[in-house]
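Colleague: Here you go, one structure.
The values are calculated or read from the model by the stated rules, or taken from the named source; none is laboratory data. These numbers come from a predicted model, not from an experiment. Cβ placement follows ideal geometry from the backbone for every residue including glycine, while neighbour counts extend to all protein chains displayed. Ligands, DNA and RNA are stripped out before the accessible areas are found, and what is left, the full protein with its side chains, is counted by its heavy atoms. Shrake-Rupley method; radii C 1.70, N 1.55, O 1.52, S 1.80 Å.
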Amino acid sequence: AQSVAQPEDQVNVAEGNPLTVKCTYSVSGNPYLFWYVQYPNRGLQFLLKYITGDNLVKGSYGFEAEFNKSQTSFHLKKPSALVSDSALYFCAVRVFTEYGNKLVFGAGTILRVKS
Amino acid sequence: DTGVSQNPRHKITKRGQNVTFRCDPISEHNRLYWYRQTLGQGPEFLTYFQNEAQLEKSRLLSDRFSAERPKGSFSTLEIQRTEQGDSAMYLCASSTRQTSQETQYFGPGTRLLVL
């Protein structure tokens, strides 16, 4: 089955420090990978995606992600965390179906940035 | 703002009642998805429309659930004879026709509580 795993339930980081939220994937064929962020009682906001090309993908709000094929990982990173980055982060993989596709999500990682 | 909208944002109902949720996708997006998110979990795919045709349904979508997308615009998700286990956030997403760059954009969700 095609899936993603987020090994950390929660990540704590001090404001101004770099942050990493981890994601590993298991897919057959080429992976199409996504990161979304969810603020309390809100829907999901798209941050970035990897389809093909450069392994370092830049996205919204200063976030970036590094695709590593040998380690089957797609970790989300930011050089300098802000308190406002505190939220729930989801990694997802696109799974192709008979008539289209769907996203399969990880369980999510809570990011807490402390001032 | 021309993002995905969902109504109502919150719904409290008693077990056994029927509920209906509405999703208005981004205009010109011909693909529409419904997902369900329970506490502490990532969203799970429920169903998918391309224009007015419902092309995919998850096994999660029991026969108490029905979704429609008349005229290929807005969509409704109805749950009949609600059960406490139906309590969740119901998320709608839309996208343009499938290319490798397809990105699903999510609405704010409808939070359902079944008492």
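Colleague: Could you look through the stretch B:20-41, keep only residues that are within 11 Å of chain A (Cβ to nearest Cβ) and more than 19 Å from B:K57 (Cβ to Cβ), and pick out the one that is surrounded by the fewest Cβ atoms within 10 Å (Cβ to Cβ)?
Modeller: Filtering first and then ranking leaves B:L39.
Colleague: So if I check each of B:Q54, B:Q101, B:Q50, which one is touching a residue at least 12 places away in the same chain (Cβ under 8 Å) and at the interface with chain A (Cβ under 8 Å from one of its Cβ atoms)?
Modeller: So the residue among B:Q54, B:Q101, B:Q50 that is touching a residue at least 12 places away in the same chain (Cβ under 8 Å) and at the interface with chain A (Cβ under 8 Å from one of its Cβ atoms) is B:Q50.
Colleague: Residues B:T110, B:T76: which one is β-branched (V, I, T), modelled with pLDDT of 95 or more, open to solvent by 20 Å² or more (accessible area, probe 1.4 Å) and within 26 Å of B:T2 (Cβ to Cβ)?
Modeller: Going through B:T110, B:T76 in turn, the sole match is B:T76.
Colleague: In the list A:G100, A:G53, which residue meets the criterion of being of a type in the set (G, A, S), modelled with pLDDT under 95 and under 26 Å from B:Q54 (Cβ atoms)? It would help to see each step written out before you state the result.
Modeller: Numbers: A:G53 fails: under 26 Å from B:Q54 (Cβ atoms).
Sole residue among the options that is of a type in the set (G, A, S), modelled with pLDDT under 95 and under 26 Å from B:Q54 (Cβ atoms): A:G100.
Colleague: If you don't mind, another one. With respect to the numbered conditions (1) more than 11 Å from chain B (Cβ to nearest Cβ); (2) farther than 22 Å from B:A88 by Cα, which one is the sole condition not fulfilled by A:A87?
Modeller: (2)
Colleague: OK, next. Here are some residues: A:A81, A:A65. Which one is buried (at least 17 other Cβ atoms within 10 Å of the Cβ) and outside any strand (DSSP E or B)? Before the answer, list the steps.
Modeller: Values: A:A65 fails: outside any strand (DSSP E or B).
Checking each option against the conditions leaves just A:A81.
Colleague: Looking at this structure, is A:S70 in a loop (DSSP other than H, G, I, E, B), open to solvent by 40 Å² or more (accessible area, probe 1.4 Å) and either polar (S, T, N, Q) or away from every other protein chain (no Cβ under 14 Å) (or both)?
Modeller: Against the criterion (in a loop (DSSP other than H, G, I, E, B), open to solvent by 40 Å² or more (accessible area, probe 1.4 Å) and either polar (S, T, N, Q) or away from every other protein chain (no Cβ under 14 Å) (or both)), A:S70 qualifies.
Colleague: Here's a follow-up. Mind checking which residues of the stretch A:43-62 are part of a loop (DSSP other than H, G, I, E, B) and under 19 Å from B:T99 (Cα atoms)?
Modeller: A:I51, A:T52, A:G53, A:D54
Colleague: Taking A:T109 as the residue in question, decide whether it is over 27 Å from B:R36 (Cα atoms) and within 14 Å of another protein chain (Cβ to nearest Cβ).
Modeller: Taking the combined requirement at face value, the residue does not satisfy it.
Colleague: When the residues of the stretch A:1-27 are narrowed to those that are of a type in the set (S, T, N, Q) and within 13 Å of chain B (Cβ to nearest Cβ), which ends up least open to solvent (accessible area, probe 1.4 Å)?
Modeller: Per the criteria, the residue is A:Q6.
Colleague: Here's a follow-up. Filter the stretch A:28-42 down to the residues that are more than 11 Å from every other protein chain (Cβ to nearest Cβ), buried (at least 18 other Cβ atoms within 10 Å of the Cβ) and part of a loop (DSSP other than H, G, I, E, B) and list them by number.
Modeller: The answer is A:P31, and nothing else.
Colleague: Do any strands (runs of 3 or more DSSP E) lying entirely in the stretch B:1-57 carry at least 1 residues that are over 23 Å from B:G72 (Cα atoms), and which ones are they?
Modeller: The strands (runs of 3 or more DSSP E) meeting that bar are B:10-13, B:31-37.
Colleague: Here is a list of conditions, (1) more than 14 Å from chain A (Cβ to nearest Cβ); (2) of a type in the set (K, R); (3) in contact with a strand residue (DSSP E or B) (Cβ under 9 Å, 6 or more places away or on another chain), and B:R81 meets all of them except one; can you say which number that is?
Modeller: (3)
Colleague: Could you count how many residues in the stretch A:84-96 are surrounded by fewer than 16 Cβ atoms within 10 Å (Cβ to Cβ) and among the polar types (S, T, N, Q)? Steps first, please.
Modeller: Taking the stretch A:84-96 first, the residues surrounded by fewer than 16 Cβ atoms within 10 Å (Cβ to Cβ) are A:84, A:96.
Among the residues that remain, those that are also among the polar types (S, T, N, Q) are: A:84.
Qualifying residue count for the region: 1.
Colleague: Shifting gears a bit: For the subset of the stretch B:46-65 comprising residues that are more than 19 Å from A:Y99 (Cα to Cα) and open to solvent by 20 Å² or more (accessible area, probe 1.4 Å), which member is modelled with the highest pLDDT?
Modeller: Across the stretch B:46-65, the extreme among qualifying residues is B:R64.
Colleague: What number of residues in the stretch A:51-84 are within 19 Å of A:P7 (Cα to Cα) and acidic (D, E)?
Modeller: 2
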